[in-house]
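The values are calculated or read from the model by the stated rules, or taken from the named source; none is laboratory data. Here the structure is a predicted model, which is why all the values come from computation and not from measurement. Glycine also receives a Cβ, built like all others from the backbone with ideal geometry; neighbour counts cover every protein chain displayed.
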Amino acid sequence: MRRRLSAVSVCARIRPAQKLRIVQALKADAQVVGMTGDGVNDAPALKAADVGIAMGRRGSEVAREAAALVLLDDHFISIVQGVRLGRRIFANMRSAMRYVLAMHVPIAGLALLPALLDWPVLLYPMHIAFIELIIDPACSLAFENQASGRDAMRLPPRRSDERLLDRSTMISALAQGTLTLLLTAFAYRWALTALPEAAARAAGFVILVLANLGLIFSNLTPRPGAASGFGGGNPIPLLMSASVLLLLALVLYVPPVARAFRFAALTAPELGVVAAIGLCCVAGTAAVKRLVASR
């Protein structure tokens with residue numbers, strides 16, 4: 001049966017017991033099996049398949065109970081749409097988890113390093129709250145609304161035991177976060193030697209926020225690439241970035257807000273250097289993601 005099925009595409013006039021044998025043979029050959037049916041005699045095969053799909057309108061109650069999915073409209077095209085939606089949700093959840101983990105590495109590190117190295121404090125509670133106001137909408141809006149990739153339906157099925165936060169995702173997140181931490185820490189240390197403390201804190205914070213935005217764009221899609229999130233018909237990341245940059249300008253250049261954040265305004269040359277370092281963080285994290293994905 002397994003040998004025949006490897007060379008056969010269509011089986012006609014199949015009895016209920018033979019349907020079950022076909023499902024079992026395909027599963028024994030390490031295939032991911034989907035089975036559609038609507039009758040009582042389809043129930044054993046529906047139950048045995050990896051994904052049993054029953055008809056919702058004309059299907060029997062037994063078939064609907066045995067199946068994992070029920071097509072409410074009885075249209076087979078809904079199966080394809082459901083698979084595409086499931087793959088998009090899984091990919092977006094994995095991307096969001098990679099971003100969240102990557103971003104919290106520099107937050108934790110920059111809260112700890114100044115205390116260990118006797119530097120002036122970089123991140124006060126209001127700074128962390130500002131960054132969290134970026135992270136939460138990014139996860140709930142930007143990543144959730146990201147469209148599936150063009151090759152989503154060309155990928156093979158995932159293993160049923162595949163973890164959402166797998167080894168590759170964790171390594172990529174930790175590598176991106178560590179690089180962001182190192183670049184921001186070195187930049188903050190340099191700023192402390194060249195600028196007053198309040199201006200140095202502002203410089204380090206701007207770099208961290210720019211790196212945060214870069215992590216959003218580079219992690220929006222499973223495929224590597226710094227600019228991967230600029231397309232795909234998802235305007236939310238760009239709108240978020242514009243809002244964040246506007247708020248960043250307010251906390252830097254509105255005196256009462258700057259004093260509350262313990263910042264000093266940066267001059268145009270200083271802001272240019274800080275922006276260049278932030279862009280280096282963006283490019284570096286994108287390169288790290290590409291390197292990890294290629295292994």
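Determine whether segment 50-62 contains at least one residue that is hydroxyl-bearing (Ser, Thr, Tyr), buried (at least 16 other Cβ atoms within 10 Å of the Cβ) and free of Cβ contacts under 8 Å to residues at least 60 places away in the same chain.
The initial filter retains those residues of segment 50-62 that are hydroxyl-bearing (Ser, Thr, Tyr), namely 60.
Subsequent filtering for residues that are buried (at least 16 other Cβ atoms within 10 Å of the Cβ) retains 60.
With the extra rule that they be free of Cβ contacts under 8 Å to residues at least 60 places away in the same chain, the set shrinks to 60.
Yes, segment 50-62 has at least one match.
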Only listed residue being under 19 Å from Ala108 (Cα atoms), in the same structural domain as Val274 (by the TED database) and under 17 Å from the mean Cα position of the chain (by Cα), chosen from Ala175, Ala203, Ala147: Ala175
What number of residues within segment 101-123 satisfy the criterion of being surrounded by 18 or more Cβ atoms within 10 Å (Cβ to Cβ) and under 19 Å from Leu141 (Cα atoms)? 3
Per the filter on segment 143-165, residues without any contact (Cβ under 8 Å) to a residue 40 or more places away in the chain and within 19 Å of Thr285 (Cβ to Cβ) are none
Being free of Cβ contacts under 8 Å to residues at least 40 places away in the same chain and part of a loop (DSSP other than H, G, I, E, B) is the filter; apply it to segment 245-293 and report the residue that is surrounded by the most Cβ atoms within 10 Å (Cβ to Cβ). Val254
